[in-house]
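The values are calculated or read from the model by the stated rules, or taken from the named source; none is laboratory data. If you're wondering where the values come from, they're calculated on a predicted model, not measured in any experiment. Glycine gets a Cβ as well: all are built from the backbone with ideal geometry, and neighbour counts include every protein chain shown. The area values use the complete protein model at the heavy-atom level, side chains included, leaving out ligands, DNA and RNA. Shrake-Rupley method; radii C 1.70, N 1.55, O 1.52, S 1.80 Å.
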Amino acid sequence: MQSNMGFQTASQSSAIEINKVLKNTYMLLSMTLAFSAVTAGISMAMNLPHGAALIMTLVAFGLMFVVNKKADSASGIYWIFAFTGLMGASLGPMLNAYAAMPNGGALIMQALGGTALIFFALSGYALTSKKDFSFMGGFLMVGLIVAVVAMLANFFLQIPALSLAISAAIIMIMSGLILFDTSRIINGGERNYIRATISLYLSIYNIFVHLLSLLGVFGSDD
């Protein structure tokens, strides 16, 4: 009897902790996305060149490792805002390029709406179904490596069809990662909300960028 009560108490305690991580993750995620939107707007207003965007992306890439290292300390919050701020600012030149296109503003809004729809649908499914998607981890990692290699190859090859295929593949991979990461939080596999936030943020960021890329290609045919 006592062992059953102890098990129930431990289970309830675990559920409370998981809900806390989930709540903190979504709160921090919404704040970092909003901050990224602000820095992207500032970057657009300053009309920063693509070279500046590349430098900010490289610095942000370095900061990503700092965020993961500092995730267990209070300073991790500051580092994740520095990371997401730079990531948002790096979008400025690309967004200005799309905004200059016919219906460019509409394309950006469609990409934002599509990204939000994908995130809420997949995250909602993972939350309500409570399925364990950990089995997808290996497949997603292999897919990500293949996509990165293909991107590097296409940097030199410049094949439009391959670029489209890569964007579509990355959207699918990042969608899978949203299921995977949300599932990890729900099932107690991820107890650090800063690490959980950065994983979901990167998935959302990449879905938006590559969805905008696809919409830009098909939109330019009109």
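Just a few scattered comments:
- Carbon/sulfur fraction of accessible area - the chain, other protein chains in place, 1.4 Å, %: 72
- Averaged per residue, the chain has 55 square angstrom of accessible surface, using a 1.4 angstrom probe with ligands and nucleic acids left out.
- Lysines with Cα under 19 Å of LYS130, excluding same-chain neighbours fewer than 8 positions away: LYS20, LYS23
- Dipole-positive endmost among LEU22, MET141, LEU117 within the chain (Cβ charges, Cα centre): LEU22
- Normalised Debye scattering of segment 42-152 at q = 0.10 Å⁻¹ gives log10 I(q)/I(0) of -0.46, counting only Cα atoms as equal scatterers and leaving out solvent.
- Structural size metrics of segment 86-201, computed from C-alpha coordinates, are Rg and Dmax of 16.3, 47 Å.
- Helical contribution to [θ] at 222 nm, DSSP H n ≥ 4, -39,500 (n - 2.57), averaged over the chain, rounded to 500: -30000 deg cm²/dmol
- Percentage of interatomic Cα-Cα distances in segment 28-105 larger than 15 Å: 56
- Full extension of the chain between ALA74 and VAL146 yields a length gain of 22.4 nm, computed as 0.36 nm times the residue separation minus the alpha carbon distance.
- Per-selection Rg to Rh, the chain - Cα, Kirkwood hydrodynamic radius: 1.02
- One quarter of the convex hull surface built on the alpha carbon atoms of segment 138-222 amounts to 6.1 nm², the projected area averaged over directions.
- Take every Cα pair under 8 Å whose residues are at least 6 apart in sequence, average their separation, divide by the length of segment 85-194, and the relative contact order is 34 percent.
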